[in-house]
Amino acid sequence: MRSVLFLVVMLPFSVAAQDDLANVAGDLISLTQQYVSPAVEATTYQSSSGWFTSAKKKKLWEVEVSVQGNWLFISSGKKTFEVNEANLVNIEIQGAATTATIPTALGGESDVVLQGQIEGEAFEFDAPEGLDESYVNHYQMQFGLGLWKGTTLIGRFSPKIKINSTYYQVVGAGVQHSISQWIPKLEASSFDVAALVSYASYNVSDEFDAADLTLGTINSIDVDGDSFLFNILASKTIKQFDVSAGLGVNVSSFSYKIGGDGELLLDVLNQSLQSLDKSTTNFNADLGVNYNIKNFSVNTMLTFGKYTNIIFGLNYNFNRKN
């Protein structure tokens, strides 16, 4: 809030207008955080799922190419949040109600109208709506390259897709290293243990009906994120099947940007949004099955934590030596 006050004091408006603008900015940042946070958190889970088909090490120069479908299921608790006028300074709920339930970016429709004023000039806008879906899905390409000493280099790319009014894209890279190769008894068994580290960069862009705030309008919010996953995984080979499990920790950081019209308004809001830039840590577990058919394999992986995510993949291996 200090950065907001410092900025608005420099503006050529009355003290009352400066105070109103600062209060509106503070209220909007609070509402924005509650609106977009579930979608950002969901994206970190999607970006951390499906990085491996098994813990087995690949042969030198073995290449695995995968096409994956990625589904994330949205629980009802992540679809709405409560607005309470007691926690706001300028903005209020239109009508007699002092509290209202409105959708997050993962939620549905809303008939709630919010209002406020800047130096006596009133404005109002509809609470933004969400995806209105029970799940979100996208498709991605992934490849793995076997290197020396049981190390596999992994790359991932998902094209930019649109889900209703939300755009999503992710790219990433990772390294998987066999631990069981250093333990003779494990190396000689049908069990494999490995460590995996991955990085994903993603963008989520949400567009909504323009909100006219007197000094300008806002109609979108962009979130850029970086995510690091640290995973320990194990698998057992049973004939043509690889049954896998993993435990991981995901550390993510985000930055936000509001879009619209009105340079002054957007400068104030985006300066305020810097207070939302932060890192989060989440834990997740994986359960997967990979079925091998010569050089092909078909796999599915369930990842769960605060969200549940499932991957289906079709994989082809080049230079595999049995």
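Return a yes/no flag: does segment 159-166 have any residue that is buried (at least 16 other Cβ atoms within 10 Å of the Cβ) and in contact (Cβ under 8 Å) with a residue 12 or more places away in the chain. Within segment 159-166, one or more residues are buried (at least 16 other Cβ atoms within 10 Å of the Cβ) and in contact (Cβ under 8 Å) with a residue 12 or more places away in the chain. Selection of segment 147-171 for residues being small (Gly, Ala, Ser) and in a helix (DSSP H, G or I) yields only Gly150. The conditions of being within 27 Å of Ile183 (Cβ to Cβ) and either at pLDDT below 90 or touching an Asp or Glu at 6+ places or on another chain (Cβ under 6 Å) (or both) are met by Gly246. Within segment 41-67, residues that are more than 15 Å from Phe296 (Cβ to Cβ) sit with their Cβ atoms under 8 Å from residues that are small (Gly, Ala, Ser) and in a loop (DSSP other than H, G, I, E, B), at 6+ positions apart or across chains, in these pairs: Tyr45/Gly305. Residues that are small (Gly, Ala, Ser), buried (at least 16 other Cβ atoms within 10 Å of the Cβ) and touching a residue at least 12 places away in the same chain (Cβ under 8 Å) number at least 2 in the following strands (runs of 3 or more DSSP E) confined to segment 190-302: 191-212, 217-238, 241-261. Charged (D, E, K, R), under 30 Å from Thr152 (Cα atoms) and at pLDDT below 95: does that describe Lys306? The answer is yes for Lys306.
Surrounded by fewer than 22 Cβ atoms within 10 Å (Cβ to Cβ) and either in a helix (DSSP H, G or I) or more than 23 Å from the chain's Cα centre (by Cα) (or both), is that true of Ala55?
In short, no.
Checking each residue in segment 62-92 for being basic (Lys, Arg) and in a loop (DSSP other than H, G, I, E, B) picks out only Lys79.
Output the number of residues of segment 303-322 satisfying the condition of being in contact (Cβ under 8 Å) with a residue 60 or more places away in the chain and in a loop (DSSP other than H, G, I, E, B). Number of matching residues: 6. Within segment 109-120, none of the residues are in contact with a Lys or Arg (Cβ under 8 Å, 6 or more places away or on another chain) and not hydrophobic (A, V, I, L, M, F, W, C).
Scanning segment 93-127 for residues that are touching a residue at least 24 places away in the same chain (Cβ under 8 Å), assigned to a strand (DSSP E or B) and either under 16 Å from Leu31 (Cα atoms) or not hydrophobic (A, V, I, L, M, F, W, C) (or both) turns up Ala100, Ile102, Pro103, Leu114, Gln115, Gly116, Gln117, Glu121, Glu124, Phe125, Asp126. The set of residues in segment 90-107 that are crowded, with 16+ Cβ neighbours inside 10 Å and of a type in the set (Val, Ile, Thr) comprises Ile91, Ile93, Ile102, Thr104.
The values are calculated or read from the model by the stated rules, or taken from the named source; none is laboratory data. Just so we're clear, the structure is a prediction, and the values are computed from it rather than from any experiment. Counting neighbours? That spans all protein chains shown, and the Cβs are built from the backbone with ideal geometry, glycine included.
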